[in-house]
1. Could you grab me the full set of residues in the range 212-238 that are of a type in the set (Ser, Thr, Tyr), away from ligand 1 (no atom under 16 Å from the Cβ) and outside any loop (DSSP other than H, G, I, E, B)?
2. Condition first: in a helix (DSSP H, G or I) and either within 16 Å of ligand 1 (Cβ to nearest atom) or buried (at least 21 other Cβ atoms within 10 Å of the Cβ) (or both). Now tell me which residues in the range 146-161 satisfy that.
3. With respect to ILE198, is the statement that it is assigned to a strand (DSSP E or B), open to solvent by 70 Å² or more (accessible area, probe 1.4 Å) and among the hydrophobic types (A, V, I, L, M, F, W, C) true?
4. Residues being polar (S, T, N, Q), open to solvent by 20 Å² or more (accessible area, probe 1.4 Å) and within 15 Å of ligand 1 (Cβ to nearest atom): count how many of those fall in the range 74-109.
5. Sort out which residues of the range 170-185 are under 22 Å from ASN127 (Cβ atoms) and either touching a His at 6+ places or on another chain (Cβ under 8 Å) or more than 15 Å from ligand 2 (Cβ to nearest atom) (or both), and write them in order of number.
6. Just one of (1) part of a loop (DSSP other than H, G, I, E, B); (2) in contact with a Phe, Trp or Tyr (Cβ under 6 Å, 6 or more places away or on another chain) trips up GLY96, so point out which.
7. Any idea which of VAL71, VAL112 is touching a residue at least 12 places away in the same chain (Cβ under 8 Å), more than 15 Å from ligand 1 (Cβ to nearest atom), in contact with a strand residue (DSSP E or B) (Cβ under 8 Å, 6 or more places away or on another chain) and open to solvent by 10 Å² or more (accessible area, probe 1.4 Å)?
8. Condition first: open to solvent by less than 10 Å² (accessible area, probe 1.4 Å), over 28 Å from ILE54 (Cα atoms) and not in a strand (DSSP E or B). Can you find one or more residues in the range 162-177 that meet it?
Amino acid sequence: MIILHGIQNILEIKKSCSIVAYVLACLEKEVKPGITTNYLNSLAETLTFEKGAIPGFKGYRGFPYSICASVNEQVVHGFPSDKPLKEGDILSIDFGILYNGWYGDSALTIPVGKISNKHKKLIKITNECLTLAIQQSHSGNTIGDISYTIQQCAEKEGFNVVKNFTGHGIGKNLHEEPPVYNFGNKGEGYLLKNGMVIAIEPMVVAGNAETITGSDGWTVLTKNGDMAAHFEHTIAITNEGPIILTNRNIFYENT
Ligand code: MG
Ligand code: MG
């Protein structure tokens, strides 16, 4: 079932999403060679509790941490660790919270120090996939229009999308209907309607996008070791157009 939310609900979800955006903006500033992802996980928890929210991922289907920290060839669901990040790494942080009964969910990929031009481009294009997909997110379009846009944006640059993980509806539950695929055809799939709240999350690989699951049972890695990037926003589809609920820009401007 796809839930259509009224403005009150959307404003409630926006509160949750603002906390997610604030925490991710704070974490991004901390990323540099030498820091550990365990440190980022602890910081995320501290900031979340300070806002009166609850980390959304910890304990979700048994996931043991508050952030997903996926380094280099890790695509999603990576475990934070005590291994220091090093110059040239790329780090994807995925983070969600629960506040007043509503979830927010967002992700970004961050360069660690100086990175290669190829990986700079991977990060830029993955973010662009998300931006263009959001522009497609208005009533009358379909999930397929979002999916197609993401796939085209990645493939025109010679990159590939990960096909076995998707975006999703979000609200009282972290994952709701409909799935938001990162590949597909224009005009296909569910019709988008005002009041839908969805998380769009392109996962793009500079190389082969086939994935395997690591020995921890969670971490998703590319089979060939190629680098992956991941960006995600929770958005609302409204009669004013798409609204990015997890927009971090406000926190960058204020600091
Ligand atoms: Mg996420
Ligand atoms: Mg998500």
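1. Initially, the range 212-238 is screened for residues of a type in the set (Ser, Thr, Tyr), giving 213, 215, 219, 222, 234, 238.
Filter again for away from ligand 1 (no atom under 16 Å from the Cβ), leaving 213, 215, 222, 238.
Correct list: THR213, THR222, THR238.
2. Hits for the range 146-161 are ILE146, SER147, TYR148, THR149, ILE150, GLN151, CYS153, ALA154.
3. Answer is no for this residue.
4. 1
5. Of all residues in the range 170-185, those under 22 Å from ASN127 (Cβ atoms) come to 170, 179-184.
Those that are under 22 Å from ASN127 (Cβ atoms) and either touching a His at 6+ places or on another chain (Cβ under 8 Å) or more than 15 Å from ligand 2 (Cβ to nearest atom) (or both): PRO179, VAL180, PHE183, GLY184.
6. So the condition that GLY96 fails would be (1).
7. On the way: VAL112 fails: open to solvent by 10 Å² or more (accessible area, probe 1.4 Å).
Of VAL71, VAL112, the one residue that is touching a residue at least 12 places away in the same chain (Cβ under 8 Å), more than 15 Å from ligand 1 (Cβ to nearest atom), in contact with a strand residue (DSSP E or B) (Cβ under 8 Å, 6 or more places away or on another chain) and open to solvent by 10 Å² or more (accessible area, probe 1.4 Å) is VAL71.
8. yes
The values are calculated or read from the model by the stated rules, or taken from the named source; none is laboratory data. Quick caveat, the model's predicted, so the values are computed rather than measured. Backbone-built Cβ (ideal geometry, glycine too); neighbour counts: all protein chains shown. Accessible surface is based on the protein model in full, side chains and every heavy atom, while ligands, DNA and RNA are left aside. Shrake-Rupley method; radii C 1.70, N 1.55, O 1.52, S 1.80 Å.
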